[in-house]
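Note sheet for the following structure.
The values are calculated or read from the model by the stated rules, or taken from the named source; none is laboratory data. This is a predicted model, so every value here is computed, not measured. Using ideal geometry, Cβ is built from the backbone for each residue, glycine included, and neighbour counts are taken over all protein chains shown.
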Amino acid sequence: MTSGSESVVAHAPGRAEWLGNHTDYNDGLVLGIGLEVGATVTVQPACDRQLVLRALDLDETRHCELDALSPAEAGSWANYAIGVAAEFIARGAQAQGLKLEIHSTVPMGAGLSSSAALECATARALQQAWGTDFDDMELARIGQAAEHKFAGVRCGLLDQVTSLFATRDHAVFFDCRSLEVERVPVPPEARFVIVQSGVKHALSDGAYNERRAECEEAARVLGVGKLREATPALLDAAEGDGQLHGAPLRRARHVVGENARVAAAVAALRAGDLSTVGRLMNESHESSRTLFENSCEELDFLASEARKISGCLGARLTGGGFGGAVLALVRGGAEEEFVKSIGDRALAVWGHVPQALVTGAGGR
Ligand code: GLA
(Lines give C-alpha, C1' and ligand atoms only; values in the text may rest on other atoms or scores of the structure.)
Protein backbone atom coordinates (compact mmCIF):
# COMPACT_ATOMS: atom_id res chain seq x y z
CA MET A 1 0.00 0.00 0.00
CA THR A 2 3.00 2.28 0.38
CA SER A 3 2.67 3.21 -3.29
CA GLY A 4 -0.86 2.28 -4.31
CA SER A 5 -4.27 2.66 -2.74
CA GLU A 6 -5.46 -0.93 -2.30
CA SER A 7 -6.43 -2.11 1.18
CA VAL A 8 -4.58 -4.75 3.20
CA VAL A 9 -6.06 -7.24 5.62
CA ALA A 10 -4.20 -8.82 8.52
CA HIS A 11 -5.24 -11.34 11.14
CA ALA A 12 -3.85 -12.56 14.47
CA PRO A 13 -5.36 -15.15 16.80
CA GLY A 14 -6.15 -14.84 20.49
CA ARG A 15 -4.12 -17.14 22.70
CA ALA A 16 -4.51 -19.44 25.64
CA GLU A 17 -1.72 -19.97 28.10
CA TRP A 18 -1.55 -23.75 28.34
CA LEU A 19 1.13 -23.77 31.05
CA GLY A 20 3.69 -21.35 32.41
CA ASN A 21 1.86 -18.85 34.55
CA HIS A 22 3.58 -15.53 35.21
CA THR A 23 6.84 -17.06 34.02
CA ASP A 24 7.37 -14.86 30.96
CA TYR A 25 8.54 -11.64 32.63
CA ASN A 26 10.73 -13.79 34.89
CA ASP A 27 12.63 -14.95 31.77
CA GLY A 28 11.05 -18.39 32.16
CA LEU A 29 9.36 -21.01 29.97
CA VAL A 30 5.85 -20.81 28.55
CA LEU A 31 3.60 -23.06 26.53
CA GLY A 32 0.76 -21.42 24.64
CA ILE A 33 -1.70 -22.19 21.89
CA GLY A 34 -3.25 -19.91 19.33
CA LEU A 35 -7.05 -19.89 19.25
CA GLU A 36 -9.40 -20.31 16.35
CA VAL A 37 -10.83 -16.86 17.16
CA GLY A 38 -8.84 -13.70 16.53
CA ALA A 39 -8.67 -10.08 15.44
CA THR A 40 -8.75 -8.87 11.84
CA VAL A 41 -7.58 -5.42 10.82
CA THR A 42 -8.35 -3.96 7.40
CA VAL A 43 -6.31 -0.93 6.43
CA GLN A 44 -7.04 1.71 3.85
CA PRO A 45 -5.06 4.82 3.08
CA ALA A 46 -6.31 8.11 4.51
CA CYS A 47 -5.24 11.25 2.69
CA ASP A 48 -4.01 13.35 5.61
CA ARG A 49 -1.76 12.46 8.58
CA GLN A 50 -4.59 10.93 10.50
CA LEU A 51 -4.89 7.50 12.07
CA VAL A 52 -8.56 6.64 12.02
CA LEU A 53 -9.51 3.62 14.13
CA ARG A 54 -12.87 2.02 13.70
CA ALA A 55 -13.95 -0.83 16.00
CA LEU A 56 -16.71 -2.47 13.98
CA ASP A 57 -17.98 -4.64 16.84
CA LEU A 58 -18.31 -1.71 19.22
CA ASP A 59 -19.39 0.81 16.57
CA GLU A 60 -16.80 3.28 17.81
CA THR A 61 -14.43 5.50 15.83
CA ARG A 62 -11.33 7.38 17.02
CA HIS A 63 -9.36 10.01 15.13
CA CYS A 64 -5.72 10.46 16.10
CA GLU A 65 -2.95 12.69 14.74
CA LEU A 66 -0.12 10.49 13.49
CA ASP A 67 2.42 13.08 14.61
CA ALA A 68 1.09 13.31 18.16
CA LEU A 69 -0.05 9.84 19.19
CA SER A 70 -0.93 9.64 22.87
CA PRO A 71 -2.91 7.18 24.99
CA ALA A 72 -6.72 7.27 24.93
CA GLU A 73 -8.56 6.98 28.24
CA ALA A 74 -7.49 4.11 30.53
CA GLY A 75 -9.08 0.78 29.61
CA SER A 76 -9.88 1.76 26.02
CA TRP A 77 -9.39 -0.80 23.22
CA ALA A 78 -7.92 2.03 21.14
CA ASN A 79 -4.74 2.10 23.23
CA TYR A 80 -3.56 -1.22 21.81
CA ALA A 81 -3.75 -0.02 18.21
CA ILE A 82 -2.48 3.51 18.92
CA GLY A 83 0.36 2.08 20.99
CA VAL A 84 1.44 -0.24 18.17
CA ALA A 85 1.38 2.62 15.64
CA ALA A 86 3.43 4.80 18.01
CA GLU A 87 6.00 2.01 18.44
CA PHE A 88 6.33 1.61 14.66
CA ILE A 89 6.99 5.34 14.37
CA ALA A 90 9.48 5.23 17.26
CA ARG A 91 11.36 2.53 15.31
CA GLY A 92 11.59 4.73 12.23
CA ALA A 93 8.58 3.60 10.16
CA GLN A 94 7.62 6.04 7.40
CA ALA A 95 4.07 6.50 8.64
CA GLN A 96 1.31 7.67 6.33
CA GLY A 97 -2.33 8.40 7.11
CA LEU A 98 -4.44 5.27 7.50
CA LYS A 99 -7.89 4.08 8.36
CA LEU A 100 -7.96 0.83 10.34
CA GLU A 101 -11.13 -1.21 10.58
CA ILE A 102 -11.02 -3.68 13.43
CA HIS A 103 -13.13 -6.77 13.89
CA SER A 104 -12.48 -9.27 16.68
CA THR A 105 -14.01 -12.58 17.70
CA VAL A 106 -11.92 -12.89 20.89
CA PRO A 107 -14.05 -12.36 24.01
CA MET A 108 -12.81 -9.25 25.86
CA GLY A 109 -11.65 -9.35 29.49
CA ALA A 110 -11.76 -13.14 29.41
CA GLY A 111 -8.07 -13.92 29.82
CA LEU A 112 -7.74 -14.87 26.15
CA SER A 113 -5.69 -11.85 25.23
CA SER A 114 -8.05 -9.96 23.00
CA SER A 115 -5.54 -7.14 23.49
CA ALA A 116 -2.59 -9.10 22.06
CA ALA A 117 -4.71 -10.29 19.13
CA LEU A 118 -5.52 -6.65 18.37
CA GLU A 119 -1.90 -5.54 18.81
CA CYS A 120 -0.55 -8.34 16.63
CA ALA A 121 -3.15 -7.92 13.87
CA THR A 122 -2.48 -4.16 13.90
CA ALA A 123 1.27 -4.79 13.75
CA ARG A 124 0.91 -7.15 10.80
CA ALA A 125 -1.35 -4.65 9.04
CA LEU A 126 0.98 -1.68 9.62
CA GLN A 127 3.96 -3.77 8.50
CA GLN A 128 2.30 -4.21 5.10
CA ALA A 129 0.85 -0.71 4.89
CA TRP A 130 4.02 1.13 5.87
CA GLY A 131 6.42 -1.30 4.19
CA THR A 132 8.55 -2.15 7.24
CA ASP A 133 10.35 -5.47 7.64
CA PHE A 134 10.38 -6.17 11.37
CA ASP A 135 10.67 -9.87 12.16
CA ASP A 136 7.95 -11.57 14.21
CA MET A 137 9.90 -11.27 17.48
CA GLU A 138 10.22 -7.51 16.94
CA LEU A 139 6.49 -7.30 16.15
CA ALA A 140 5.88 -9.11 19.47
CA ARG A 141 8.08 -6.56 21.27
CA ILE A 142 6.14 -3.75 19.60
CA GLY A 143 2.89 -5.20 20.96
CA GLN A 144 4.43 -5.62 24.40
CA ALA A 145 5.71 -2.03 24.40
CA ALA A 146 2.24 -0.81 23.43
CA GLU A 147 0.84 -2.72 26.39
CA HIS A 148 3.47 -1.25 28.76
CA LYS A 149 3.27 2.35 27.58
CA PHE A 150 -0.31 2.75 26.43
CA ALA A 151 -2.25 0.29 28.61
CA GLY A 152 -0.05 0.41 31.72
CA VAL A 153 0.41 -3.37 32.04
CA ARG A 154 4.02 -4.52 32.47
CA CYS A 155 3.34 -7.81 30.68
CA GLY A 156 5.88 -10.29 29.33
CA LEU A 157 5.97 -11.61 25.78
CA LEU A 158 3.79 -14.72 26.14
CA ASP A 159 0.66 -13.27 24.55
CA GLN A 160 2.26 -11.55 21.58
CA VAL A 161 4.72 -14.37 20.82
CA THR A 162 1.99 -17.02 21.01
CA SER A 163 -0.33 -15.01 18.79
CA LEU A 164 2.33 -14.30 16.16
CA PHE A 165 4.03 -17.71 16.11
CA ALA A 166 0.98 -19.96 16.55
CA THR A 167 0.35 -22.54 13.87
CA ARG A 168 -2.60 -24.88 13.58
CA ASP A 169 -2.35 -28.10 15.62
CA HIS A 170 0.84 -26.94 17.35
CA ALA A 171 1.62 -25.45 20.73
CA VAL A 172 4.12 -22.61 20.99
CA PHE A 173 6.95 -23.43 23.41
CA PHE A 174 8.78 -20.20 24.15
CA ASP A 175 11.94 -19.72 26.17
CA CYS A 176 11.70 -16.12 27.32
CA ARG A 177 15.42 -15.97 28.09
CA SER A 178 16.92 -17.25 24.83
CA LEU A 179 13.86 -16.05 22.85
CA GLU A 180 13.81 -19.45 21.13
CA VAL A 181 10.43 -20.55 19.84
CA GLU A 182 9.58 -24.16 19.09
CA ARG A 183 6.30 -25.38 17.69
CA VAL A 184 5.37 -28.65 19.36
CA PRO A 185 2.74 -30.85 17.67
CA VAL A 186 -0.44 -31.26 19.73
CA PRO A 187 -1.76 -34.84 19.68
CA PRO A 188 -4.90 -34.96 17.52
CA GLU A 189 -7.11 -36.24 20.37
CA ALA A 190 -6.52 -33.05 22.40
CA ARG A 191 -9.35 -30.54 22.55
CA PHE A 192 -9.46 -27.42 24.67
CA VAL A 193 -12.50 -25.99 26.40
CA ILE A 194 -12.18 -22.46 27.75
CA VAL A 195 -14.83 -21.69 30.34
CA GLN A 196 -15.49 -18.13 31.46
CA SER A 197 -15.59 -17.40 35.18
CA GLY A 198 -17.68 -14.32 34.49
CA VAL A 199 -15.31 -12.36 36.72
CA LYS A 200 -13.91 -9.65 34.52
CA HIS A 201 -10.18 -9.63 34.81
CA ALA A 202 -8.67 -6.21 34.41
CA LEU A 203 -4.91 -6.54 34.31
CA SER A 204 -4.40 -2.81 34.46
CA ASP A 205 -6.02 -2.66 37.90
CA GLY A 206 -2.64 -3.10 39.54
CA ALA A 207 -2.70 -6.70 40.77
CA TYR A 208 -0.66 -7.91 37.80
CA ASN A 209 2.00 -5.24 38.20
CA GLU A 210 2.06 -5.93 41.95
CA ARG A 211 2.80 -9.63 41.32
CA ARG A 212 5.56 -8.68 38.94
CA ALA A 213 7.09 -6.38 41.57
CA GLU A 214 6.98 -9.21 44.14
CA CYS A 215 8.83 -11.51 41.72
CA GLU A 216 11.45 -8.82 41.18
CA GLU A 217 11.79 -8.42 44.94
CA ALA A 218 12.28 -12.19 45.35
CA ALA A 219 14.95 -12.20 42.62
CA ARG A 220 16.73 -9.29 44.32
CA VAL A 221 16.78 -11.07 47.69
CA LEU A 222 18.01 -14.29 46.04
CA GLY A 223 20.75 -12.37 44.26
CA VAL A 224 19.67 -13.49 40.78
CA GLY A 225 18.84 -11.29 37.81
CA LYS A 226 15.52 -13.01 37.12
CA LEU A 227 13.63 -15.84 38.83
CA ARG A 228 14.51 -18.09 35.87
CA GLU A 229 17.86 -18.59 37.60
CA ALA A 230 16.32 -19.67 40.91
CA THR A 231 16.14 -23.36 41.84
CA PRO A 232 14.17 -25.18 44.56
CA ALA A 233 17.44 -25.62 46.49
CA LEU A 234 18.17 -21.90 46.36
CA LEU A 235 14.66 -21.13 47.60
CA ASP A 236 14.99 -23.65 50.44
CA ALA A 237 18.27 -22.10 51.52
CA ALA A 238 16.90 -18.54 51.40
CA GLU A 239 13.83 -19.63 53.32
CA GLY A 240 15.97 -21.55 55.83
CA ASP A 241 18.11 -18.60 56.74
CA GLY A 242 15.10 -16.30 56.92
CA GLN A 243 16.11 -14.11 53.96
CA LEU A 244 13.09 -14.87 51.82
CA HIS A 245 9.64 -15.20 53.33
CA GLY A 246 6.01 -14.25 52.89
CA ALA A 247 4.60 -13.23 49.51
CA PRO A 248 7.91 -12.97 47.58
CA LEU A 249 8.80 -16.54 48.67
CA ARG A 250 5.42 -17.90 47.58
CA ARG A 251 5.58 -16.07 44.24
CA ALA A 252 9.08 -17.42 43.60
CA ARG A 253 8.03 -20.98 44.43
CA HIS A 254 5.18 -20.70 41.93
CA VAL A 255 7.42 -19.42 39.15
CA VAL A 256 10.13 -22.03 39.74
CA GLY A 257 7.46 -24.76 39.80
CA GLU A 258 5.83 -23.47 36.62
CA ASN A 259 9.12 -23.49 34.71
CA ALA A 260 9.64 -27.13 35.69
CA ARG A 261 6.06 -27.99 34.73
CA VAL A 262 6.41 -26.42 31.28
CA ALA A 263 9.57 -28.43 30.61
CA ALA A 264 7.85 -31.60 31.82
CA ALA A 265 4.74 -30.89 29.74
CA VAL A 266 6.75 -30.38 26.56
CA ALA A 267 8.51 -33.70 27.14
CA ALA A 268 5.13 -35.37 27.76
CA LEU A 269 3.64 -33.79 24.63
CA ARG A 270 6.52 -35.09 22.54
CA ALA A 271 5.78 -38.56 23.95
CA GLY A 272 2.05 -38.12 23.19
CA ASP A 273 1.27 -38.39 26.91
CA LEU A 274 -1.68 -36.06 27.41
CA SER A 275 -2.55 -37.49 30.84
CA THR A 276 0.72 -36.17 32.26
CA VAL A 277 0.09 -32.78 30.68
CA GLY A 278 -3.34 -32.74 32.34
CA ARG A 279 -1.88 -33.60 35.73
CA LEU A 280 0.66 -30.77 35.35
CA MET A 281 -2.21 -28.38 34.54
CA ASN A 282 -3.95 -29.36 37.78
CA GLU A 283 -0.75 -28.79 39.74
CA SER A 284 -0.33 -25.41 38.07
CA HIS A 285 -3.78 -24.33 39.18
CA GLU A 286 -3.12 -25.42 42.76
CA SER A 287 0.10 -23.44 42.70
CA SER A 288 -1.76 -20.35 41.43
CA ARG A 289 -4.36 -20.81 44.12
CA THR A 290 -2.05 -21.26 47.07
CA LEU A 291 1.27 -19.66 46.10
CA PHE A 292 0.74 -17.00 43.47
CA GLU A 293 -2.71 -16.14 44.80
CA ASN A 294 -4.00 -15.04 41.41
CA SER A 295 -7.03 -17.33 41.36
CA CYS A 296 -10.50 -16.54 42.68
CA GLU A 297 -13.46 -18.54 44.00
CA GLU A 298 -15.13 -18.82 40.59
CA LEU A 299 -11.96 -20.06 38.86
CA ASP A 300 -11.35 -22.57 41.68
CA PHE A 301 -14.90 -23.83 41.33
CA LEU A 302 -14.62 -24.32 37.58
CA ALA A 303 -11.20 -25.98 37.79
CA SER A 304 -12.26 -28.46 40.49
CA GLU A 305 -15.62 -29.29 38.85
CA ALA A 306 -13.97 -29.69 35.43
CA ARG A 307 -11.64 -32.37 36.78
CA LYS A 308 -14.61 -34.47 37.91
CA ILE A 309 -16.01 -34.71 34.38
CA SER A 310 -15.23 -37.75 32.31
CA GLY A 311 -12.77 -37.07 29.48
CA CYS A 312 -11.23 -34.03 31.23
CA LEU A 313 -7.51 -34.57 31.66
CA GLY A 314 -6.75 -31.38 33.56
CA ALA A 315 -7.91 -27.82 34.17
CA ARG A 316 -6.33 -24.59 35.29
CA LEU A 317 -6.79 -20.87 35.19
CA THR A 318 -5.28 -19.40 32.04
CA GLY A 319 -3.55 -16.03 31.69
CA GLY A 320 -3.03 -13.32 34.24
CA GLY A 321 -5.67 -14.62 36.65
CA PHE A 322 -7.83 -12.64 39.11
CA GLY A 323 -10.81 -13.67 36.96
CA GLY A 324 -10.91 -14.57 33.29
CA ALA A 325 -11.17 -18.19 32.26
CA VAL A 326 -10.30 -21.79 33.03
CA LEU A 327 -8.68 -23.89 30.33
CA ALA A 328 -9.64 -27.56 30.35
CA LEU A 329 -7.83 -30.22 28.35
CA VAL A 330 -10.46 -32.66 27.13
CA ARG A 331 -10.19 -35.80 25.05
CA GLY A 332 -11.64 -35.39 21.56
CA GLY A 333 -15.21 -36.71 21.48
CA ALA A 334 -15.87 -35.79 25.12
CA GLU A 335 -16.02 -32.01 24.59
CA GLU A 336 -19.77 -31.74 23.99
CA GLU A 337 -20.66 -33.68 27.13
CA PHE A 338 -18.02 -31.69 29.04
CA VAL A 339 -19.57 -28.36 28.06
CA LYS A 340 -23.00 -29.59 29.10
CA SER A 341 -21.79 -30.96 32.41
CA ILE A 342 -19.75 -27.92 33.44
CA GLY A 343 -22.71 -25.74 32.43
CA ASP A 344 -25.09 -27.76 34.63
CA ARG A 345 -22.70 -27.64 37.58
CA ALA A 346 -22.30 -23.86 37.32
CA LEU A 347 -26.03 -23.38 36.83
CA ALA A 348 -26.72 -25.26 40.06
CA VAL A 349 -24.41 -22.98 42.06
CA TRP A 350 -24.30 -19.67 40.18
CA GLY A 351 -27.75 -19.67 38.63
CA HIS A 352 -26.37 -19.24 35.10
CA VAL A 353 -24.46 -21.23 32.50
CA PRO A 354 -20.99 -19.83 31.81
CA GLN A 355 -19.78 -19.22 28.28
CA ALA A 356 -17.56 -21.96 26.95
CA LEU A 357 -15.39 -21.99 23.86
CA VAL A 358 -14.31 -25.31 22.35
CA THR A 359 -11.17 -25.07 20.27
CA GLY A 360 -8.21 -26.88 18.85
CA ALA A 361 -4.80 -25.23 18.63
CA GLY A 362 -5.29 -22.51 16.03
CA GLY A 363 -3.04 -20.17 14.06
CA ARG A 364 -1.61 -19.96 10.57
C1 GLA B 1 -0.99 -11.97 30.99
C2 GLA B 1 0.24 -11.23 30.46
C3 GLA B 1 1.31 -12.24 30.01
C4 GLA B 1 1.61 -13.26 31.10
C5 GLA B 1 0.32 -13.84 31.67
C6 GLA B 1 0.56 -14.70 32.89
O7 GLA B 1 -1.60 -12.68 29.97
O8 GLA B 1 -0.12 -10.39 29.39
O9 GLA B 1 2.48 -11.55 29.62
O10 GLA B 1 2.42 -12.69 32.10
O11 GLA B 1 -0.61 -12.83 32.04
O12 GLA B 1 1.32 -15.80 32.58
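Of note:
- Screening G242, G278, G257 for residues that are under 15 Å from L317 (Cα atoms) and of a type in the set (G, A, S) leaves exactly one candidate, G278.
Residues are listed down the side, and each one gets a yes or a no for (1) more than 17 Å from H148 (Cα to Cα); (2) free of Cβ contacts under 8 Å to residues at least 40 places away in the same chain:
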{"site": "Q50", "(1), (2)": "yes, no"}
{"site": "L53", "(1), (2)": "yes, no"}
{"site": "L58", "(1), (2)": "yes, yes"}
{"site": "H63", "(1), (2)": "yes, yes"}
{"site": "P71", "(1), (2)": "no, no"}
{"site": "A86", "(1), (2)": "no, no"}
{"site": "K99", "(1), (2)": "yes, no"}
{"site": "A125", "(1), (2)": "yes, no"}
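- Scanning the range 111-138 for residues that are part of a helix (DSSP H, G or I) and over 15 Å from the mean Cα position of the chain (by Cα) yields T122, A123, R124, A125, L126, Q127, Q128, A129, W130, D136, M137, E138.
- If you filter the range 138-168 down to residues that are away from the ligand (no atom under 15 Å from the Cβ) and either in contact with a helix residue (DSSP H, G or I) (Cβ under 9 Å, 6 or more places away or on another chain) or among the charged types (D, E, K, R) (or both), you find that the one that is farthest from A74 (Cα to Cα) is R168.
- Any hit, the range 301-310, residues being at pLDDT 95 or above, away from the ligand (no atom under 16 Å from the Cβ) and in contact with a Phe, Trp or Tyr (Cβ under 7 Å, 6 or more places away or on another chain): yes
- Annotation: of all residues in the range 190-213 being crowded, with 20+ Cβ neighbours inside 10 Å and in a helix (DSSP H, G or I), the one that is farthest from the chain's Cα centre (by Cα) is R211.
- Subset tally (residues that are without any contact (Cβ under 8 Å) to a residue 40 or more places away in the chain and either of a type outside the set (A, V, I, L, M, F, W, C) or more than 14 Å from the ligand (Cβ to nearest atom) (or both)) for the range 101-115: 0
A quick yes/no check of all residues on (1) within 16 Å of the ligand (Cβ to nearest atom); (2) basic (K, R); (3) buried (at least 16 other Cβ atoms within 10 Å of the Cβ):
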site: V8; (1), (2), (3): no, no, yes
site: A16; (1), (2), (3): yes, no, yes
site: L31; (1), (2), (3): yes, no, yes
site: A39; (1), (2), (3): yes, no, yes
site: C47; (1), (2), (3): no, no, no
site: L51; (1), (2), (3): no, no, yes
site: L58; (1), (2), (3): no, no, no
site: C64; (1), (2), (3): no, no, yes
site: S70; (1), (2), (3): no, no, no
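- Cβ-Cβ under 7 Å pairs, at least 6 apart or on other chains, the range 280-304 side in contact (Cβ under 8 Å) with a residue 12 or more places away in the chain, far side aromatic (F, W, Y): N294/F322; C296/F322
- Given (1) crowded, with 22+ Cβ neighbours inside 10 Å; (2) within 16 Å of the ligand (Cβ to nearest atom); (3) part of a strand (DSSP E or B), index of the condition V181 fails: (1)
- Some residue of the range 296-307 being in a loop (DSSP other than H, G, I, E, B), within 20 Å of G198 (Cβ to Cβ) and out of contact with any strand residue (DSSP E or B) (no Cβ under 6 Å at 6 or more places or on another chain): yes
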